[in-house]
Amino acid sequence: MTTLRSRVLSGEGERLLAEARALLGDLRDALAGVPATEHDAAAMAASIRQLDDFFLLVVVGEFNAGKSAFVNALLGARVLEEGVTPTTAQIQLVRHGEQPGRHADPSGIQVVTAPVDLLRDLHIVDTPGTNAIHRAHERLTVDFVPRADLVLFITSADRPFTETERAFMDAIRDWGKKIVLVVNKVDIFEEERELAEVAAFVRHAGTQLLGVTPEVFPVSARLALRAKEGADTAWAASRFEPLERYIRETLDETSRFRLKLANPIGVGDALSRRYEALAEQRLALLAADVTVLADVERQLAVYRDDLAEGFELRMTGIEKVLLEMEARGHQYFEDTLRVGRVFDLLNRSRVQQEFEQRVVADAPAEVDRRVSELIDWLVEQDFRQWQALSSKLAARQQEHGDRIVGGAGIGSFHADRTRLLESVGRESRRVVETYDRRRESSAIADGARTAVAATAAIGASAVGLGTAVSLAATTAAADVTGIMAASVLAAVGLLIIPAKRRRARTEMRDKVTDLRARLASALRREFESSQERSAQRLGDAIAPYSRFVRAEHGRWEDIRTRLAGWRERAGRLLAAVGRFEPAS
């Protein structure tokens with residue numbers, strides 16, 4: 001019996017196998033949503049197929065470490081050619097066949113068949129050296145490692161654990177495979193002490209690289225094969241017996257079942273950790289984006305509050321001009337509307353001229369000036385807000401423009417994020433570069449003037465807000481002129497003049513109050529409208545980037561949670577597999 005599918009399993013074994021399939025299928029679906037790279041997706045698919053494959057023993061190591069000789073010694077026959085140069089080395093898959101043979105499969109792998117009983121229970125992969133000239137060989141070697149159930153790492157006693165071997169070991173470590181270290185060619189040592197030193201060195205280096213103390217077997221594949229071919233005296237010197245015993249124990253039915261389930265789950269664990277780390281990195285990147293967006297929102301809120309406060313302060317200055325004019329009007333009426341000036345009151349034009357000089361004075365011009373300053377301030381604040389946004393996004397682009405998390409080929413995250421960030425930055429720069437302050441100021445001023453003119457019914461052709469002030473103020477004096485014409489002044493003046501003075505003061509107060517209210521309302525409306533337009537433009541510019549950041553943040557949070565949950569389930573399943581014993 002060679003595969004799990006063909007093996008008769010107990011109910012518990014069937015349950016564990018079904019759970020492993022479901023678990024790996026869930027991870028495959030999760031990685032498809034990332035999406036994973038083509039290479040990782042292929043490794044995931046291969047790990048699922050591995051449940052139905054032969055037990056796979058993969059032999060790796062440097063060229064000239066004696067890998068092919070080791071395989072021949074393990075099989076007890078010269079199945080593989082030894083001493084091949086790196087330029088001609090290929091991956092060789094050794095499996096059982098009634099007749100010796102060799103052929104290339106569609107992927108270019110050399111399939112070697114041999115009538116050896118051991119191959120009924122497993123396939124052996126002999127890989128090119130980790131230091132082979134053809135780097136494509138290394139890629140194929142790495143492709144085979146995720147499918148391995150057991151990895152035999154062969155190093156040569158005369159050059160143990162070279163730099164290329166260390167790098168290769170580091171690359172395959174994260175696949176979670178069971179790795180056994182074999183020190184070949186120990187027959188070169190004349191003293192036991194030398195062999196012990198090399199074995200200790202390899203064990204220490206392996207422990208540092210793998211994080212666990214590995215099994216280390218010093219052997220001479222050359223002597224082992226000679227012994228199996230009939231040279232009995234070579235068997236003890238080959239030290240092959242402990243390794244063969246270990247492999248036999250590893251390949252018993254229970255151990256094979258455990259490894260067959262544990263290995264694909266180990267591949268899944270490696271992939272889940274890789275993409276959970278990617279999720280962590282992208283969430284960290286997105287967290288900075290979320291912070292930028294939150295900063296923009298906070299700045300806008302502070303900006304609106306500061307604007308409202310600054311607006312009210314400047315409106316107070318405008319109202320002060322009107323209140324001062326009102327106070328001058330009251331004083332004017334006190335000085336003018338009295339019996340001592342009764343004959344002056346008969347001269348309408350003189351009274352109005354004096355009113356305009358003393359009361360109205362420079363109030364219209366001052367109102368125009370202060371309103372213009374208010375509008376210029378509003379426009380300047382709006383412009384600065386866009387400049388601040390442009391600078392913040394430019395800094396964000398510069399900080400992370402070259403930061404690629406997880407490498408290329410994993411979804412369109414970086415392309416989408418960069419495009420949207422550039423879009424917002426481009427729009428903010430366009431607004432800043434094309435910001436026409438005169439046009440913006442004119443729009444606000446026209447709106448305010450039209451509102452005041454319409455409310456006061458003075459016509460929209462008024463040349464400025466000061467005109468409204470002048471018209472509103474002078475009408476307060478219109479009814480207090482000519483009040484004594486054709487009357488007997490000495491007889492009625494004492495009664496008429498105080499009444500006229502009270503009415504004039506009341507009308508002056510009412511008209512100035514009304515003007516203040518109309519002017520404040522019009523300016524406030526224009527102020528709010530201007531801010532709404534600015535906020536709308538800014539919101540429209542940043543909305544696609546904001547939606548992307550929030551959606552991606554939620555997506556990667558879900559991926560991270562899903563992968564972490566998958567590893568918890570995998571840990572429970574591995575524990576159950578470790579306790580599994582077949583029914584007797």
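Among residues belonging to the range 152-171 that are β-branched (V, I, T) and buried (at least 24 other Cβ atoms within 10 Å of the Cβ), point out the one that is farthest from V125 (Cα to Cα). If you could, list the steps in order and put the result at the bottom.
Start the filter on the range 152-171 by keeping residues that are β-branched (V, I, T), which leaves 154-155, 162, 164.
Still in the list and also buried (at least 24 other Cβ atoms within 10 Å of the Cβ): 154-155.
Working: I154: 13, T155: 16 Å.
Going through the qualifying residues, I end up with T155.
Which residue pairs have Cβ atoms closer than 8 Å, lie 6 or more positions apart in sequence or on different chains, and pair a first residue in the range 182-208 that is under 19 Å from R222 (Cα atoms) with a second residue that is of a type in the set (K, R)?
What qualifies is K185/R222; V186/R239; D187/R222.
Select from the range 189-213 the residues that are basic (K, R) and either surrounded by 13 or more Cβ atoms within 10 Å (Cβ to Cβ) or not in a helix (DSSP H, G or I) (or both) and list them in ascending order. Steps first, please.
Let us first name the residues in the range 189-213 that are basic (K, R), namely 193, 203.
Within the range 189-213, just R203 meets the criteria.
Residues checked against (1) acidic (D, E); (2) surrounded by fewer than 19 Cβ atoms within 10 Å (Cβ to Cβ):
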{"residue": "L57", "(1), (2)": "no, no"}
{"residue": "G66", "(1), (2)": "no, no"}
{"residue": "L74", "(1), (2)": "no, no"}
{"residue": "E82", "(1), (2)": "yes, yes"}
{"residue": "S107", "(1), (2)": "no, yes"}
{"residue": "Q110", "(1), (2)": "no, yes"}
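Within the bounds of the range 52-59, is there any residue that is over 30 Å from E229 (Cβ atoms) and at pLDDT below 90? Quick ask: steps written out before the conclusion?
Going residue by residue through the range 52-59, those that are over 30 Å from E229 (Cβ atoms) are 52-53.
In the following step, the residues that additionally are at pLDDT below 90 were identified as 52-53.
Checked against the condition, which is being over 30 Å from E229 (Cβ atoms) and at pLDDT below 90, the range 52-59 yields at least one hit.
Do any residues in the range 505-522 that are free of Cβ contacts under 8 Å to residues at least 60 places away in the same chain have Cβ atoms under 8 Å from those of residues that are surrounded by fewer than 13 Cβ atoms within 10 Å (Cβ to Cβ), where the two are at least six apart or on different chains, and which pairs are they?
E507/D479
Out of D514, D540, report the one residue that is of a type in the set (D, E), in a helix (DSSP H, G or I) and loosely packed, with under 13 Cβ neighbours inside 10 Å. Walk me through it before giving the result.
Details: D514 fails: loosely packed, with under 13 Cβ neighbours inside 10 Å.
Every option except D540 fails the conditions.
Suppose we keep only residues that are among the acidic types (D, E) and part of a helix (DSSP H, G or I) within the range 22-54. Which one would you say is surrounded by the fewest Cβ atoms within 10 Å (Cβ to Cβ)? Full working, then the answer.
Let us first name the residues in the range 22-54 that are among the acidic types (D, E), namely 26, 29, 38, 40, 52-53.
Narrowing further to those that are part of a helix (DSSP H, G or I): 26, 29, 38, 40, 52.
On the way: D26: 16, D29: 11, E38: 9, D40: 20, D52: 13.
Going through the qualifying residues, I end up with E38.
From the list A277, A301, pick out the single residue that is surrounded by 14 or more Cβ atoms within 10 Å (Cβ to Cβ), without any contact (Cβ under 8 Å) to a residue 60 or more places away in the chain, more than 18 Å from V151 (Cα to Cα) and not β-branched (V, I, T).
On the way: A301 fails: surrounded by 14 or more Cβ atoms within 10 Å (Cβ to Cβ).
Just one listed residue meets the conditions, A277.
If only one of L285, L300, L259 is touching a strand residue (DSSP E or B) at 6+ places or on another chain (Cβ under 8 Å) and part of a helix (DSSP H, G or I), which one is it? Don't jump to the end; show me each part of the working.
On the way: L285 fails: touching a strand residue (DSSP E or B) at 6+ places or on another chain (Cβ under 8 Å); L300 fails: touching a strand residue (DSSP E or B) at 6+ places or on another chain (Cβ under 8 Å).
None of the others qualify; the one that does is L259.
Checking S349 against (1) small (G, A, S); (2) modelled with pLDDT of 75 or more; (3) out of contact with any helix residue (DSSP H, G or I) (no Cβ under 8 Å at 6 or more places or on another chain), which single condition isn't satisfied?
S349 satisfies every listed condition except (2).
Among the residues of the range 172-188 satisfying the criterion of being of a type outside the set (A, V, I, L, M) and modelled with pLDDT of 90 or more, which is surrounded by the fewest Cβ atoms within 10 Å (Cβ to Cβ)?
Initial filter on the range 172-188 (of a type outside the set (A, V, I, L, M)): 173-178, 184-185, 187.
Those still in the list that are modelled with pLDDT of 90 or more too: 184-185, 187.
Numbers: N184: 26, K185: 24, D187: 19.
Among those that are of a type outside the set (A, V, I, L, M) and modelled with pLDDT of 90 or more, it is D187.
Taking the residues in the range 23-61 that are among the β-branched types (V, I, T) and outside the structural domain of L74 (by TED's automatic domain parsing) as candidates, determine which candidate is farthest from S272 (Cα to Cα).
I48
For V512, only one of the following conditions fails: (1) under 30 Å from E280 (Cβ atoms); (2) in contact with a helix residue (DSSP H, G or I) (Cβ under 8 Å, 6 or more places away or on another chain). What is its number?
(1)
The values are calculated or read from the model by the stated rules, or taken from the named source; none is laboratory data. From a predicted model like this one, the values you see are computed outputs, not experimental measurements. Please note: Cβ atoms are built from the backbone with ideal geometry, for glycine as well, and neighbour counts cover all protein chains shown.
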